[in-house]
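Worksheet: one structure, shown below.
The values are calculated or read from the model by the stated rules, or taken from the named source; none is laboratory data. Remember, it's a predicted structure, so these values are computed and weren't measured experimentally. Ideal geometry is used to build each Cβ from the backbone, glycine not excepted, and the neighbour counts take in all protein chains shown. Note: accessible area is taken over every heavy atom of the protein model, side chains too, but ligands, DNA and RNA are not part of it. Shrake-Rupley method; radii C 1.70, N 1.55, O 1.52, S 1.80 Å.
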Amino acid sequence: MNPDAQIVEDDVTNWDGKISLFYPVITWGCERQQLRAIYEFARLSKLAPDSALYSVVPALVVHLGSSHPSIREATAFALCRLARRAGAPFCPIIGQHGAISIILGLLPESSDRFQRSLLRLLSALVAFHGPNRITLAQNNGLDIVLELITSCSDDTRKPLLEILSAMAMLREVRRLVINAGALSFLIEAISLGRMISRIQAAHAIGLLGVSKRVRCMLADSGAALALLQLIREGNQPAKITAGNALGIISSHVDCIRPVAEAGAIPLYIELLEGPEPLGREIAEDVFCILAVAEENAVLIAEQLVKVLRGSDEEAKSAAVDVFWDIAGYKHSFPVVRDSGAIPLLIEILMNGNVDIRLKVMGTIAQLSYEEANRRALAEAGGIPLLIDLFNGASEELRDYATEALMNFGEDPTFRDLVNEANDMNFPAFVDASGRRNHISTSNEDMPSSMRRLSIEQLTSDPDFS
């Protein structure tokens, strides 16, 4: 047998034997013996492997309801140690043995250090195990927690808000939080407590914000600033969760400008340039929302140009996606041009991969509907490049190139240049032109409600807020 393997096996066996000595003392010893055994167990639990500790949990949960205050305090301390171990392996078994109902029975009459221990234990139990949240909610836990929050000290406020954050992962609890007028507590929880609890609070806020009515309440209650703080301070999961929630709130028309003024745009650029695809998707969506305000669009375009000048291909692709979208806003025609993006887009069209070239071409086609943009595209060498796309490019690229060239062809300044493509009689250009004309005719027959909304329509739509 491998010597190292033998050492590990011996360690496990020694721990099993050592921990097993605690069970009879904790179960049947006198008060003094039980107290000493529980604290010694708590000390050793930091060192022992998980497998050696499970057998003592049922006895500890029983003693949580002991008639001796000193035993209750020691037990709460020991169970809290177990519940907060890495990976939270003991949270399910502690909950399954009835700890939550015992804690709820003790909380109203508890105080000082014992109450803090109980709340820290309960916070861990519900933070890491969904069924424990359900048990807590089913035992009138929300009412007890909210009542304690309204009268708590600074020492107990953090674990109480952590418990509320975990419970708010349940849809029914979120509804009750709104009905109880306790939304401000959930917003406060975004800024206070362990990171996992702050993430849960932000996630709950995002889910609540899907409702237009609640979104208005969140906008008026300062949720945006709390979420911005979490994006700045949090780890990557926190940034993504808070960024998503803030994006939902930002769709409220009253938040579009204040969110940007509070510094959101650089933070979302960090998400767009970050390692997580979900973070990039969230950043794209939020930029498209914020850009409906012209001053926001200017700031966003300036930041996106810096991304286009960088070397991160995935971030550049996401930036082009945003440019493509905001190029469709009427007020953004000069914004994209003035940002200096057009020469960079032309460069990417020449040298980028297939996917990003398609996005660039869609953006160029959108920009080509405006006269000053056509001049900027032509000055950047765009027309010869568009014509050259008919030599072997994909059908989708040719369609976008045709759309842009048809717009150039309607401009007297560039008509002769575009006619060269017709004179060359590229079959692909002729076919693509026919498809574009058919699509244009179809769009004229399309109900106006199905076409792209202008910024004026978007911000005046009552459903937008």
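Taking the Cα centre of the chain as the origin and placing charges on Cβ (Lys, Arg +1; Asp, Glu -1), which of GLY98, ALA264, LEU225 is farthest toward the positive end of the dipole?
GLY98
For GLN96 and ALA372, compute 0.36 nm times the residue count separating them, minus their Cα-Cα distance, and round to one decimal in nm.
Length gained between GLN96 and ALA372: 92.5 nm.
How much accessible area per residue does the chain have, in Å², with a 1.4 Å probe?
Accessible area per residue: 46 Å².
Taking only Cα atoms, what is the 0 to 90° angle, nearest 10, from helix 236-250's long axis to the longest principal axis of the chain?
So the helix axis and the longest Cα principal axis differ by about 60 degrees.
At R0 = 30 Å, how high is the FRET efficiency between MET350 and GLU295 if r is their beta carbon distance? Nearest 0.05 is fine.
Computed FRET efficiency for MET350 and GLU295 comes out at 0.40.
Treating the Cα atoms of the range 15-139 as identical point scatterers in vacuum, please give the log10 of the normalised Debye intensity I(q)/I(0) at q = 0.10, 0.16, 0.19 Å⁻¹, two decimals.
Taken in order of the listed q values, log10 I(q)/I(0) reads -0.27, -0.70, -1.00.
In the calculated pair distance distribution of the range 131-184, what percentage of Cα-Cα distances lie above 16 Å?
Distances greater than 16 Å cover 33 percent of the Cα pairs.
P(r) for the chain, please, calculated from all Cα pair distances in 20 Å bins and given in %.
21, 36, 25, 15, 3, 0
What area, in nm² and to one decimal, does the C-alpha convex hull of the range 15-74 cast on average over all directions?
If I average the Cα hull's projected area over directions, I get 3.6 nm².
So what's the projected area for the range 158-206, the Cα convex hull averaged over all directions, in nm²?
Average of the hull's projected areas for the range 158-206 equals 2.7 nm².
So for the pair ARG85, ASP112, with labels modelled 7 Å out along Cα→Cβ, what separation do we get in nm?
The modelled label-to-label distance comes out at 3.1 nm.
Once the piece of chain linking SER20 and ALA180 is laid out straight, how much longer is it, given 0.36 nm per residue of separation minus the C-alpha distance between them?
That works out to 52.9 nm of additional length.
What is the dipole size for the range 268-320, taken about its Cα centre, with +1 at each Lys and Arg Cβ and -1 at each Asp and Glu Cβ, in debye to the nearest 20?
Taking the Cα centre of the range 268-320 as origin, the dipole is about 160 debye.
Based on the Cβ-Cβ distance from LEU207 to SER153, what FRET efficiency comes out when R0 is 22 Å, to the nearest 0.05?
0.15
Does a label point 7 Å from the Cα of ALA262, set along Cα-to-beta-carbon, have any residues of the range 174-194 with amide nitrogen under 20 Å, and which are they?
178, 182-194
Treating the angle as unsigned and between 0 and 90°, give the value, to the nearest 10°, between the Cα long axis of helix 294-308 and the longest Cα principal axis of the chain.
It is inclined by approximately 90 degrees.
In whole Å, largest first, what are the principal axis extents of the Cα atoms in the range 153-262?
Largest first, the range 153-262 extends 37, 31, 23 Å along its Cα principal axes.
Which of the peptides 390-402, 244-256 is most tightly packed, and how do the rest follow, judged by the mean count of other Cβ atoms within 10 Å per residue?
Ranked from most to least packed, the peptides come out as 244-256, 390-402.
Which percent of the accessible area of the range 257-402 is formed by carbon and sulfur heavy atoms (probe 1.4 angstrom)?
47
Hey, what did the range 153-262 get for relative contact order, percent, Cα under 8 Å, at least 6 apart?
Relative contact order comes out at 24 percent.
Quickly work out the ASP50-to-ASN140 label distance, labels modelled 7 Å from Cα along the C-beta direction, and quote it in nm with one decimal.
3.5
Could you size up the charge dipole of the chain around its Cα centre, putting +1 on the beta carbon of Lys and Arg and -1 on that of Asp and Glu, and report it in debye to the nearest 20?
Dipole magnitude for the chain comes out near 2320 debye.
Binned at 10 Å from 0, what are the whole-percent values of the Cα-Cα distance distribution for the range 215-334, short to long?
Taking every Cα pair in the range 215-334, the percentages come to 15, 49, 32, 5, 0.
Please state, rounded to one decimal and in Å, the Kirkwood hydrodynamic radius that the range 280-423 gives when every pair of distinct Cα atoms enters the mean of 1/r.
Taking every pair of different Cα atoms in the range 280-423, averaging 1/r and inverting gives 15.1 Å.
With axes computed from alpha carbons, what is the tilt in degrees of helix 354-367 against the longest principal axis of the chain, rounded to the nearest 10 within 0 to 90?
The angle comes out near 60 degrees.
Cut-off under 20 Å on the C-alpha distance; same-chain residues fewer than 8 positions from LYS330 excluded. Which lysines are left, in chain and number order?
LYS359
Which FRET efficiency value, to the nearest 0.05, is calculated for GLU31 and GLU313 with the Förster distance at 60 angstrom and r the Cβ-Cβ distance?
The value I calculate is 0.30.
What is the spin-label model distance, in nm, from GLU302 to MET195 if the labels are put 7 Å beyond Cα along the C-beta direction?
3.1
Among the lysines, select those whose C-alpha is under 29 Å from the C-alpha of LYS158, and discard any that sit fewer than 8 residues away in the same chain.
Within reach: LYS46, LYS239.
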